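A.B. asks: Starting off with a structure, shown below.
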Amino acid sequence: MNVKPIVVATDGSESSSAAIRWAAREAQRRALPLRITHVFDWEWGEARYDMSHHVLDLARGQAEQVTADAVNEARRVAPRLEVTTDPVLGHPAARLIGDSGTGRMMVLGSRGRGGFGSLLLGSVGQRVATHAACPVVVVRGRGDVTHGPVVAGVDDSPAAYGVLETAFDAAASQNCALEIVRAFLPPPPVTMSKAPAVLHLPTPEADAEERVALEDRLAPWRTKFPDVPVTVVLTHQSIASVLVAASRRARLVIVGSRGHGVIAGTLLGSAGLQLLHHADCPVHIVRTRS
């Protein structure tokens, strides 16, 4: 039986080195193989006149060196890990998205060698995180952090099941606490539907109802993972701002992907996009199952 590996992309940057270390630890934790991929392009303006393929051979040689260095980085944190390399020619985002169905998870750094310094997340990373066929982890901020809780943002969408499954498994296998964050604002009463927004305030009763509903949803997972300490946080603030703040003390933040639509913000959700740009720890985007 073929076992899907964890796939990590590298371009030789420090950001991708952090992603390699994270992916190697995760592969070791899950007893999965690790595949290191490097997508390299070459300058077509020069290559079209290179009948001896010198430019392509040079680019391929550099790609093989990048992946060889990445293997050394992975084995530095996971010496007995099964590692393969896959340097391929093409456009990075397109190739990584196309290959994402072959992996259990795809891991990326937050910034590559190219792009604009003012962008907090590289364009390749955002496209892959938005469109990949498998779960994606973007390693950013304190990429090597191994302390603090796992934090998961949940709502009432179908994606919440996958988020909870991933979050409880991660906390259990890493022997750490789990923090579940739920942001909500109750709808106003029908009689107040045209009242000023300032009157649309949550009440203690509404908070209590929401907590009961959330605890009902968590009950099967608490039973399945009885040793995982769970803290529930209900908030009326923006879920994105709460999760970004939590990322400063967390080892991993987990959110879902809606998995429908054609616009990046619809596919990923505003909370996921803000985390990918501002989180201070790795961010795990869970794909909604068909």
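A.B. asks: So for His38, His147, His278, fewest C-beta neighbours within 10 Å to most, what's the order?
C.D. replies: So the ranking, lowest neighbour count to highest, is His147, His278, His38.
A.B. asks: Another one. For the stretch 241-255, take each phi angle, set θ = phi - 60°, evaluate the Karplus expression 6.51 cos²θ - 1.76 cosθ + 1.60, and give the result in whole Hz per residue in order, putting x for glycine and proline.
C.D. replies: Once θ is set to phi - 60°, the couplings for the stretch 241-255 become 5, 5, 5, 4, 5, 5, 5, 6, 10, 9, 9, 6, 10, 10, 9 Hz.
A.B. asks: Just to verify a number: FRET efficiency for Ser123 and Arg248, C-beta to C-beta distance, R0 = 35 Å, to 0.05? The partial results should precede the final answer.
C.D. replies: Numbers: r = 25 Å, r/R0 = 0.73.
For Ser123 and Arg248, the calculated efficiency is 0.85.
A.B. asks: Okay, moving on. Considering amide H positions built from the backbone, and no H for Pro or chain starts, which residues 5 or more places from Met105, or on another chain, come under 5 Å of its amide H?
C.D. replies: Distant-sequence amide H within range of Met105: Val7.
A.B. asks: Also: Residues in the stretch 67-102, backbone N under 20 Å from the label point at Glu14 (7 Å along the Cα-to-beta-carbon vector): list them, ranges by number please.
C.D. replies: Counting only backbone N, you get 67, 69-74, 76-77.
A.B. asks: Could I ask something else about it? For the residues Trp22, Trp221, what sequence is obtained by ranking on other C-beta atoms within 10 Å, fewest first?
C.D. replies: On the way: Trp22 25, Trp221 20.
Going from sparsest to densest Cβ surroundings: Trp221, Trp22.
A.B. asks: Further, regarding this structure: Under the 0.36 nm per residue contour assumption, what length would be gained going from the current alpha-carbon distance of Asn72 and Ser173 to full extension?
C.D. replies: Extending this stretch completely gives an extra 33.8 nm.
Throughout, read-outs are computed from the coordinates displayed, never taken from laboratory work. Since the model is a prediction, treat every value here as computed from it, not as a measurement. No Cβ is skipped: glycine too gets one built from the backbone with ideal geometry, and neighbour counts run over all protein chains shown.
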